[in-house]
Amino acid sequence: MTELAKAYDAKKYEDEIYKKWEELGFFKPEIDPSKKPFTISMPPPNATGTLHLGHATMLAIEDILIRYKRMAGFCALWLPGTDHAAIATQNKVEGILQKEGKTRHDLGRDKFLEKVKEYVANSQDTIRNQVRKMGSSCDWSREAYTFSDQLSFAVNTVFKRMYQDGLIYRGHRIVNWCPRCQSTLADDEVTYKETKSRFYYIKYGPVIIGTARPETKFADKVVIVHPDDKRYKKYVGKEMEIDWIDGKIKAKFVADEVADMEMGTGAMTITPAHSFVDFELAQKYGFEIIPIIGMDGKMLDVAGEFAGMDVKTCREKLVKKMQGQGLIDKIDEDYVHNLSICYRCGTSIEPLTSDQWFIDVNKKFPREKWEKKDNNLLKDLEGTNFSIKDIANHVVRSGQIKIVPNSFDKTYFHWMDNLRDWCISRQIWWGHRIPVYYCKDCGHIMVELDKITVCEKCSSVNLRQDEDTLDTWFSSALWTFSTLGWPNETEDLKYFHPTQVMETGYDILFFWVARMIIMSTYTLGEIPFETVYLHGLVRDKEGRKMSKSLGNGIDPLDMIAKFGADPVRLSLVIGTSPGNDMRLYEEKISGYRNFVNKLWNAARFSMMMIENTKENSSDLSLADKWIMTKTQTLIEEVTDFLNDFRLSDAGDKIYDFTWNVFCDWYLEISKVHHNPAILKYVLDVVLKLAHPFSPFVTEAIFQELQFNEENKKMLISEKWPNIQKDLVFEIATKQMETIIDIIKSIRSIRAESKVDPVKKIQAYIYGKDLTSALLAKSEVIKRLANLGELIIAQSGQKIEDSVSKFIGDIEIYLPLSGLVDFKKEFERLKKEAKRLTDYITALQLKLNNNNFVSKAPEHVVEEQRQLLKSAKTELAKVEEQINKS
RNA sequence: GGGCGCUUAGCUCAGUUGGUAGAGCAUCUGGUUUACACCCAGGAGGCCCAAGGUUCGAACCCUUGAGCGCCCACCA
């Protein structure tokens, strides 16, 4: 006799089971040409982070997909890894140094990098174990790291190729500069914060200009006004001498439509070195571009007496000076605008010009360039020349890549359409060093895959490698193929790429997903993945973002320790839908803990019955046929939902079936009469279907279910259930469902009539066509409805002094004389009659409507007719009963 | 300013080709029944944001509006 604990204890099983799966190699697919591959590249967590709910969600969803496909016969690869997360990691280590009163410059580049490496190695271990805790069935033997030698080589290879194609260029341009990180940022790495500040109206010769940043204005020499602005028409095209901060300067007036007549005074001076719009204007008209603020965030020499001050101090002092000069017209105190800030550290961004590396997103290449191998990347695409942007757009537009939910298509297109050249150089140390070498002697520039020491042109050894590193997204953009061995033509790459699903949060659609599409189509001529599944953000019960400062964060690892990994997974998947934020709270997790326990007990109970029964009956009872049929429906629904990426619906179905069908009915019925073969079959199916969602408890049960067999199989590698048409019994199912209705009715009457729950009462059922089925199940009905005596007949007399209920033409009487207040019963009947009358009226109205009968589909009309017929029968019975009272 | 999403039971959410509104939690009543109190049985609870329109029929489709949230652009 198997002795299992009354409650499932996750701690007792999880680690052990995970270890077994891993050691036995279930996570590691062998390439098999006869099988279809199913690949997911795991979005690499930052190498320095710890697991948060976003990761937990990602892991839960991906593991469900992978486990399902693995069981369904695919060669399933889930490739894990970590990201070196350039700026984020460097910031973290700098923070640690800061506590010791040091900066990275105190250590120097090499020593600092050693320190970061050490730190990363430690954190990677943490992350790996946390990923395991979630039950992730990923292939650790293929684990990757964005900064490994192999991936770095891939990075250099792509860089070189893009450089040779003229896609990567170095340019002196205006960029987003974070003075704290001491680095550039890509456009989408800048976020905005609504801020209230002062707005200064300053006298500039004959006009008044408005600005929130007077400290940038030292060298402004051009006034822009709108061509239609009557106020300033007289000045346009003129040059005049005006009094400015450090004496007289010459200012030019130019008309351009960018000037907004409504904004401020309608006149503006421009600062090309520190504003994107102004920079473009300066290029358009060929104005001088004079830097005012340095990369350290301090004022340059052009600021005269203010040189060397930080921006804030300068502003205060400058405004005082200008007030003294009478240059300040007025100051608006409540100016609200969006301040651009660094998404990593929150420091306000300083746009400034500098030499940087860019990817040209608009350079066009001829068709032949894109048509590689046997790809149909360009399918249905007209035209002769395409940029990386065009192709990235096309693969989504043409449906080669599908985004779930598709409402994000528009967002994607909009972003792609407006994409400007991508600044890829960063001035931090932690990251892939740009593989460009300059010869100090002859000035020759070389882009090399491996480190070089000699100039290829003049043989000088006086070389200097570019100091900058690459944007972290450059390397992660290669993730789907660099992790499979590219640029080597590996078997993995050939077999597993393109991958099938990219699953990640919608918040990195641009940062990452879009860039992967760009890089994969450019480099391989292949899409990186077929489907993008975007999950939402996890919020607290009030819908707030979880954050340390609010203290409302839930640590997935705490929850796993408390409830187990299965409940955490279930609560992150069920009740959520792709692209939509979800709310998580402990009660929800504990609810799924209860479910896991329910499943455990259902198995425990089933096993007792299976074990204690020697003979196997080949006869199928009504209940057996019913549960078999319901099981087939379940298989079909769950499979369809999973194929459709509707994980929540799939999980919900499993939950509902397990609890409300299998446990509440079939197991209860089994207490009267049980069929071990059927019990085993249904339990088996449930375990398999539930396994992707709650892998641990299902595997634990599956092991126990094999009792003392040698060479136990593991659920993880079992075959996904198929529907068996010969196990569908429609008539029996209908009959069983009516019997369930009858039992429910009796229970309901008992409760409403306040009959002592332990009292075994008597019942009459006139079953009409269902009579023989009822007779077969009479013991079941007696038990589940708690009846002492049950009289079943085809039809018969009304029973005096009884409470009655009618289901279609079936009549139920409970002789409760002395136990029930018949006045109340009379009221109940009246109410019932009213409900039925209203219902019948509504149905008749509908059926008398010629439009309905002629226009609605036949099956709908027929359905309504049946409903009417059965309601009428019931009403007649109810009314008869009322008349008798 | 441009775009997207949400608004359904007290709470969190389903409701996919338009056909008498659903689940979980919470709540109420009752319960030591051959698994499970992390349980069982039963009940109550909804002008499906508002107003129009299409339709025989609308939570669902269309228009407008309100409230909430998000993304993008930009404010010199």
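Where a number appears in this text, it was derived from the coordinates with a stated rule and is not lab data. Small disclaimer: the values here were computed from a predicted structure and weren't measured. When we count neighbours, we look across all protein chains shown, and the Cβ atoms used for this are built from the backbone with ideal geometry, even at glycine.
The 3J(HN,Hα) values that the Karplus relation (6.51, -1.76, 1.60; θ = phi - 60°) gives for segment A:122-130 are, in residue order, 4, 5, 4, 4, 4, 4, 4, 5, 5 Hz. Gly and Pro appear as x.
Put simply, the amide H of residue A:531, placed in the peptide plane, has neighbours under 5 Å in A:402, A:501, A:502, leaving out anything fewer than 5 places away on its chain. The length gained on full extension between residue A:449 and residue A:872, counted as 0.36 nm times the residue separation minus their Cα-Cα distance, comes to 143.9 nm. Comparing A:476, A:38, A:414 along the charge dipole axis of chain A, the residue lying farthest to the positive side is A:414, per the Cβ-charge model. For segment A:443-564, the spread of Cα coordinates along the three principal axes comes to 67, 39, 27 Å, biggest extent given first. If you count Lys pairs in segment A:541-645 whose Cα atoms are under 25 Å apart, skipping same-chain pairs closer than 8 places in sequence, the total is 12. Along its principal axes, segment A:731-811 has C-alpha extents of 35, 25, 19 angstrom, given from the largest down. Between the beta carbons of residue A:348 and residue A:4, assuming R0 = 51 Å, the FRET efficiency works out to 0.25 to the nearest 0.05. Across all directions, the average flat footprint of the convex hull enclosing the Cα atoms of segment A:142-276 is 13.4 nm². Take every DSSP beta bridge whose two residues both sit in chain A; close to 70 percent of them are antiparallel.
Once C-alpha pairs closer than 8 Å and six or more residues apart are averaged by separation and normalised to the residue number of segment A:313-396, the relative contact order reads 20 percent. Three semi-axes describe the equivalent ellipsoid of segment A:58-102; taken as square roots of 5 times the Cα gyration tensor eigenvalues and ordered largest first, they are 41, 9, 6 Å. Ranked by the mean number of other Cβ atoms within 10 Å of their residues, highest first, the peptides A:380-388, A:356-364 fall in the order A:356-364, A:380-388.
Projecting label points 7 angstrom from Cα along Cα→Cβ for residue A:417 and residue A:283 puts them 2.1 nm apart. Derived value for segment A:199-298: Kirkwood hydrodynamic radius 13.7 Å. Basis is the mean of 1/r over every pair of different alpha-carbon atoms. Normalised Debye scattering of segment A:259-394 at q = 0.10, 0.21 Å⁻¹ gives log10 I(q)/I(0) of -0.58, -1.43, counting only Cα atoms as equal scatterers and leaving out solvent. The C-alpha atoms of chain A define a longest principal axis, and helix A:149-164 lies at about 60 degrees to it. Straight Cα distances below 19 angstrom link residue A:884 to the lysines A:798, A:805, A:823, A:824, A:830, A:831, A:834, A:872, with same-chain residues fewer than 8 positions distant left out.
Here the simple spin-label model places points 7 Å from the Cα toward Cβ, and for residue A:109 and residue A:375 these points are separated by 3.4 nm.
Summarised in one figure, the compactness ratio Rg/Rh of segment A:515-560, Cα atoms and Kirkwood Rh, is 1.28.
Here segment A:513-595 is assigned +1 on the Cβ of each Lys and Arg and -1 on the Cβ of each Asp and Glu. Its dipole about the Cα centre then comes out at about 240 debye.
Under the classification rounded if a/c is under 1.5, otherwise prolate if a/b is larger than b/c and oblate if not, where does segment A:280-353 fall, given a ≥ b ≥ c as square roots of the Cα gyration tensor eigenvalues? Rounded, because the longest to shortest axis ratio a/c is under 1.5. Scanning residues 5 or more positions from residue A:175 or on other chains, those with amide H under 5 Å from its amide H are A:352, A:353, A:354, with H placed 1.01 Å from N in the peptide plane. Once you place label points 7 Å from the Cα toward the Cβ at residue A:489 and residue A:180, how far apart are they in nm? About 5.0 nm separates the two model spin labels. When the convex hull of its Cα atoms is viewed from all sides, segment A:624-746 shows a mean projected area of 8.6 nm². Per the Debye formula on identical point scatterers at the alpha carbon atoms of segment A:170-244, with no solvent, log10 I(q)/I(0) at q = 0.14, 0.26 Å⁻¹ is -0.74, -1.25.
Axis of helix A:388-397 versus longest Cα principal axis of chain A: the two differ by about 20°, to the nearest ten degrees. Take every pair of alpha-carbon atoms less than 8 Å apart whose residues are at least six positions apart; their mean separation over the length of chain A yields a relative contact order of 12 percent.
Mind checking the angle between helix A:586-612 and chain A's longest principal axis? C-alpha axes, 0 to 90 degrees, to the nearest 10. Helix A:586-612 sits at roughly 40 degrees to that axis. FRET efficiency for the pair residue A:850 and residue A:879, taken as 1/(1 + (r/R0)^6) with r the Cβ-Cβ distance and R0 = 25 Å, rounds to 0.25. Using the alpha carbons alone, the radius of gyration of segment A:322-441 stands to its Kirkwood radius in an Rg to Rh ratio of 1.14. The equivalent ellipsoid that matches the C-alpha gyration tensor of chain A spans semi-axes of 69, 36, 26 angstrom, in descending order.
Between the residues A:628, A:820, A:727, the greatest Cα displacement towards the positive end of the dipole of chain A, with unit charges on the Cβ of Lys, Arg, Asp and Glu, is found for A:820.
Here r is the Cβ-Cβ distance between residue A:673 and residue A:731 and R0 is 25 Å; the resulting FRET efficiency, rounded to 0.05, is 0.80. In chain A, helices alone account for a calculated mean residue ellipticity at 222 nm of -13000 deg cm²/dmol, with every DSSP H run of four or more residues adding -39,500 (n - 2.57). Gyration tensor analysis over the Cα atoms of segment A:767-885 returns equivalent ellipsoid semi-axes of 32, 20, 10 Å (largest first, whole Å).
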